[in-house]
Amino acid sequence: MKKRIFLSMFLTAVMLAAVLAGCSSGGSAAKKEEPAAAAESTQEEAAPAETKAEDTAAETESTEAESTAAAAEENTGLANPWSDVGSAEEAAKGAGIDSFVIAEDPGLDLGELFERTYRCMDGIAEARLEYPASALTVRKGTIAEEGDISGDYTEYANTWTQDVNGIEVTCFGNREGDATKSIWTVDNMYFSIVAEGLGGDQDFGLNAERLTAMVSSIQ
């Protein structure tokens, strides 16, 4: 009888020890899982920061690419072919032609000639004569589009010809008899005069007498 009671107590003690050991093991496992959960939380918090850094880098690269493209576009722009010079002789030299001469006083009744400027490009010499209410742009050179060196492509209402000392001058203007544009050719050289009204007269042009005086003054 005593042996049975002792055996029963012994088995109960073993089972209790097993239960306590299982509880202790479960608690340790739970504690061991917490660091893993914390690591996952840290990775989730780090992910947005990494994404933001990648987005910032992408934006920087895009901005740099746009700046490079803009600079390349500016560098590929066409250069101005004209050069400002100080005299008719320099304009002729820059244009590559033998001479470019306009009389100091062409004899026009347009008032005082207060400014005369020159420029040139390969094949064309140009002078601009400014009066109080008008300006004349004169060109001479070897480059012309269908005989027209003026660079003025306005469509005028009237076209006619005028003989100036044996030179046939083709005239264009919105008022018949007033040549806003005049073109002619001598010895394979092209010439032009473009008249401009500075006082609001958009149809300003040279009448027959003024055109004769002006054409005669150009060589």
Test residue 123 against the stated conditions and say whether it is farther than 19 Å from residue 219 by Cα and not charged (D, E, K, R). no
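Condition check ((1) of a type in the set (A, V, I, L, M); (2) at pLDDT below 95) across all residues:
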| site | (1), (2) |
| --- | --- |
| 85 | yes, no |
| 90 | no, no |
| 101 | yes, no |
| 106 | no, yes |
Members of region 145-158 found to be open to solvent by 20 Å² or more (accessible area, probe 1.4 Å), modelled with pLDDT of 95 or more and touching a Gly at 6+ places or on another chain (Cβ under 9 Å), listed by number: 156, 157, 158
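To keep it simple, each residue is scored yes or no on (1) more than 23 Å from residue 92 (Cα to Cα); (2) at pLDDT 95 or above; (3) among the charged types (D, E, K, R).
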{"site": "160", "(1), (2), (3)": "yes, yes, no"}
{"site": "181", "(1), (2), (3)": "no, yes, yes"}
{"site": "184", "(1), (2), (3)": "no, yes, no"}
{"site": "191", "(1), (2), (3)": "no, yes, no"}
{"site": "206", "(1), (2), (3)": "yes, yes, no"}
{"site": "215", "(1), (2), (3)": "no, yes, no"}
{"site": "218", "(1), (2), (3)": "no, yes, no"}
Number of the exception - residue 84 against (1) outside any loop (DSSP other than H, G, I, E, B); (2) surrounded by 15 or more Cβ atoms within 10 Å (Cβ to Cβ); (3) of a type in the set (D, E, K, R); (4) within 29 Å of the chain's Cα centre (by Cα): (2)
Residue set 167, 124; condition within 26 Å of residue 80 (Cβ to Cβ) and not aromatic (Phe, Trp, Tyr); output residue 124
Residues of region 128-160 being part of a strand (DSSP E or B), under 23 Å from residue 201 (Cα atoms) and free of Cβ contacts under 8 Å to residues at least 40 places away in the same chain, in sequence order, are 128, 129, 158, 159, 160
For region 163-181, state whether one or more residues are in contact with a strand residue (DSSP E or B) (Cβ under 6 Å, 6 or more places away or on another chain), touching a residue at least 40 places away in the same chain (Cβ under 8 Å) and acidic (Asp, Glu). no
Is it the case, given these coordinates, that residue 96 is at pLDDT 95 or above, open to solvent by 40 Å² or more (accessible area, probe 1.4 Å) and not acidic (Asp, Glu)? yes
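The values are calculated or read from the model by the stated rules, or taken from the named source; none is laboratory data. Computed from a predicted model, the values in this text were never measured in an experiment. Reconstructed Cβ throughout: ideal geometry from the backbone, glycine too, with neighbour counts over all protein chains shown. Surface accessibility is based on the protein's heavy atoms, side chains included, excluding ligands, DNA and RNA. Shrake-Rupley method; radii C 1.70, N 1.55, O 1.52, S 1.80 Å.
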